[in-house]
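S.K.: Below: one structure in structure tokens.
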Amino acid sequence: RPLPSQHIDTGMGLERLVSILQDKSSNYDIDAFAPLLDATHAASNTGKYEGLVEGGGEAKEDGVLRDTAYRIVVDHLRTLSFAIADGARPSNEGRGYVLRRILRRAIRYGQQILGAEKGFFSKLVPVMSETYGKAYPEIVEKSQLVQEVLEEEEKAFSSMLDRGVRYLNDLELKLKQREESTIPGTEAFYLYDTLGFPLDLTQL
């Protein structure tokens with residue numbers, strides 16, 4: 001039978017509408033992201049965000065990777081800020097696990113690609129509050145809580161990375177002694193499952 005509501009979902013959310021009104025080619029180029037991108041650049045050790053995307057013709061690969069890292073950091077910062085202010089917390093289960101994964105992804109891209117110092121991510125929260133606080137007052141009200149949660153997660157992730165790198169370095173020496181160059185799957189699984197070390201870092 002006919003659907004009660006017959007229409008097409010164009011996916012034209014607020015940011016896409018704003019990108020059209022402001023004549024921008026990407027959601028991340030609109031004014032709502034500019035303060036976050038500027039703050040991320042100030043915390044980084046690389047060039048400014050230029051809006052480069054893969055397949056952009058003249059765009060260099062390193063520039064694309066850099067700008068991808070910028071987008072990941074600011075997007076995940078916003079997601080985490082709203083989620084934590086709304087009562088969610090990073091954890092090892094359910095939605096909390098999703099939050100922990102994207103938080104660690106943002107930290108890795110910020111440190112590895114943008115050259116940011118440890119602890120940079122939580123320090124971006126005040127800019128997030130200033131940018132979105134007028135429209136979303138709960139972001140201002142819970143700003144300190146959000147920053148504390150992110151700071152605690154950053155410290156835990158940094159400690160985990162340090163343990164993983166030490167284990168990986170010891171493993172590398174053992175492999176060289178055996179004249180081997182491939183990390184066994186059991187070791188990669190131990191790094192990921194027991195130490196929480198990201199698989200993509202092991203592959204590097």
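The values are calculated or read from the model by the stated rules, or taken from the named source; none is laboratory data. No experiment lies behind these values; they were computed from the predicted model shown. As a convention, Cβ positions derive from the backbone with ideal geometry for all residues, glycine included, and neighbour counts pool all protein chains shown. In case anyone asks, the SASA skips ligands and DNA or RNA and just uses the protein heavy atoms, side chains included. Shrake-Rupley method; radii C 1.70, N 1.55, O 1.52, S 1.80 Å.
S.K.: Which residues, taken from region 101-122, are open to solvent by 40 Å² or more (accessible area, probe 1.4 Å) and not aromatic (F, W, Y)?
M.R.: R101, R104, R105, Q111, Q112, I113, E117, K118
S.K.: Yes or no: region 158-172 includes at least one residue that is outside any helix (DSSP H, G or I) and either without any contact (Cβ under 8 Å) to a residue 60 or more places away in the chain or closer than 15 Å to P198 by Cα (or both).
M.R.: no
S.K.: Report the residue count in region 2-20 for those that are part of a helix (DSSP H, G or I) and either open to solvent by less than 100 Å² (accessible area, probe 1.4 Å) or of a type outside the set (K, R) (or both).
M.R.: The total comes to 6.
S.K.: Taking the condition of being exposed (fewer than 15 other Cβ atoms within 10 Å of the Cβ), part of a helix (DSSP H, G or I) and acidic (D, E), how many residues in region 21-38 meet it?
M.R.: Counting residues in region 21-38 that are exposed (fewer than 15 other Cβ atoms within 10 Å of the Cβ), part of a helix (DSSP H, G or I) and acidic (D, E) gives 1.
S.K.: Among the listed residues H76, H41, which satisfies the condition of being assigned to a helix (DSSP H, G or I), under 25 Å from E141 (Cα atoms) and under 16 Å from the mean Cα position of the chain (by Cα)?
M.R.: H76
S.K.: Also, I was wondering about something else. Does region 47-58 contain at least one residue that is modelled with pLDDT of 95 or more, closer than 28 Å to P126 by Cβ and open to solvent by 80 Å² or more (accessible area, probe 1.4 Å)?
M.R.: Scanning region 47-58 turns up no residue that is modelled with pLDDT of 95 or more, closer than 28 Å to P126 by Cβ and open to solvent by 80 Å² or more (accessible area, probe 1.4 Å).
S.K.: Based on what the data block shows, is S91 without any contact (Cβ under 8 Å) to a residue 12 or more places away in the chain, outside any helix (DSSP H, G or I), of a type in the set (S, T, Y) and open to solvent by 10 Å² or more (accessible area, probe 1.4 Å)?
M.R.: Criteria met by S91.
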